[in-house]
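Down below is the structure, laid out as structure tokens.
The values are calculated or read from the model by the stated rules, or taken from the named source; none is laboratory data. Only a predicted model underlies this, so the values are computations on that prediction, with no experimental measurement involved. Here the Cβ is made from the backbone with ideal geometry for all residues, glycine too, and neighbour counts use every protein chain on show. Areas reflect the complete protein model, heavy atoms only, side chains present, ligands, DNA and RNA absent. Shrake-Rupley method; radii C 1.70, N 1.55, O 1.52, S 1.80 Å.
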Amino acid sequence: MSDELIVTVAPCGAETMRTHNPAVPFTPAEIAAEARRSFEAGARMVHVHARWDDGAPTQDGGRFAETVAAIRDAAPELIVQVSTGGAVGMTAAERLGSLAADPDMATLTCGSVNFGGSIFENPAPLMLEFARALAGAGIRPELEIFDFGHLDNAAWLAAKAPLEGPQHHDLVLGVPGGAAGTPRNVTALADRLPPGSTWSATGIGRSHLPVVVTAIASGGHVRLGFEDQVELEPGRLATSNAELVERVVRIAELAGRTVATPRRAREILGLPAA
Ligand code: KMH
Ligand code: ZN
């Protein structure tokens, strides 16, 4: 197990609003400032959603390009990963708009999942279309695993679509409707990944700490930020994404993990040098 740790920050997501936490960033400049502070705190990748100024989620290519350009300007060392998940209810074509930003990586969700009172729809043809779109654009995927069957879908996808070599996965646990954010689910899923895979884990809401602590102890990487949780502890809102990153870096260092350098983070994830 490598002791090097890659922290991904997900600064806003598509669903977190200022009613949940007044510090959630919306504009390209606000998202870039949060990304910069998170980089300084130890984040090595940023998972990007774009918002309009009023906070409405968008996969508009122009807005994504503007958001990614602002991030690259503020924190050129960060690996930029865009969302192709967008917000629940968006069409496949709409969701692929984010690829216009020419990111290092993009998400590829490996199956449908209940998402609170809605369904985050990722049927097999959409998965294939997205895998081919990423391969065609030379963008490395991050396979999003929200539930146990998604790993079986990922294996099906690897056999069907041009997914070359070992893949990087994010175990997104604790979505109401998906696999629960428990330590046992983290290790059960991580144990089933194909040899050579890399993985991170994300715990939604109050499953944040059990999930990231287990991932840190198990050799995985971690994702966190206002997309995934808004509190430091029950009833206490985080004042910035960087505050969440700082705490996880402290936990990781106590557990014997060291923050990967930007260069090593790219190597570990199979990305070309910056
Ligand atoms: N907003 C969720 C419905 C991703 O970024 O790829 C989907 C999501 C996954 O956030
Ligand atoms: Zn996302």
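Per-structure values
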quantity	calculated
Within a Gaussian network of the chain (alpha carbon springs, distance under 10 Å), most fluctuating of SER207, SER83, SER197	SER197
Cα-Cα P(r), the range 158-274, percent of pairs per 5 Å interval	2, 11, 20, 21, 21, 15, 7, 3, 1, 0
Whole-percent carbon and sulfur share, accessible surface of the chain, 1.4 Å	55
Tail fraction, Cα-Cα pairs, the range 90-222, threshold 22 Å, whole percent	35
Among beta bridges that DSSP assigns inside the chain, antiparallel share in %, nearest 5	20
Gain on full stretching of the segment that runs from GLU94 to ILE119 - 0.36 nm per residue minus C-alpha separation	7.3 nm
Accessible area per residue in Å² at 1.4 Å probe, computed on the range 20-147	35
Solvent-accessible surface ranking, highest first, for LEU193, LEU171, LEU209 at 1.4 angstrom	LEU209, LEU193, LEU171
Tail beyond 25 Å, pair distance distribution of the chain (Cα, percent)	38
For the range 11-133, with +1 on Lys and Arg beta carbons and -1 on Asp and Glu, the positive-most of ALA93, ALA33, SER112 along the dipole	SER112
Mean Cα-pair separation over length for the range 173-249, i.e. relative contact order, pairs under 8 Å, 6 or more apart, %	25
Interchain or long-range residues, amide H under 5 Å from GLU144's placed H	LEU108, THR109, CYS110, ASP170
Taking the chain and dividing mean pair separation by its residue count, relative contact order in percent (alpha carbons under 8 Å, at least six apart)	22
Within a Gaussian network of the chain (alpha carbon springs, distance under 10 Å), most fluctuating of ASP170, ASP60, ASP228	ASP60
Value at 222 nm in deg cm²/dmol, rounded to 500, when DSSP H runs of n ≥ 4 in the chain each add -39,500 (n - 2.57)	-11000 deg cm²/dmol
Per-q log10 I(q)/I(0), the range 1-148, q = 0.19 Å⁻¹ (Debye; single scatterer per alpha-carbon; no solvent)	-1.19
Within the range 134-192, trypsin sites (Lys or Arg not before Pro) in DSSP loop having at most 16 other beta-carbon neighbours inside 10 Å	ARG192
Net dipole in debye of the range 5-142 [+1 Lys, Arg Cβ; -1 Asp, Glu Cβ; about Cα centre; nearest 20]	200
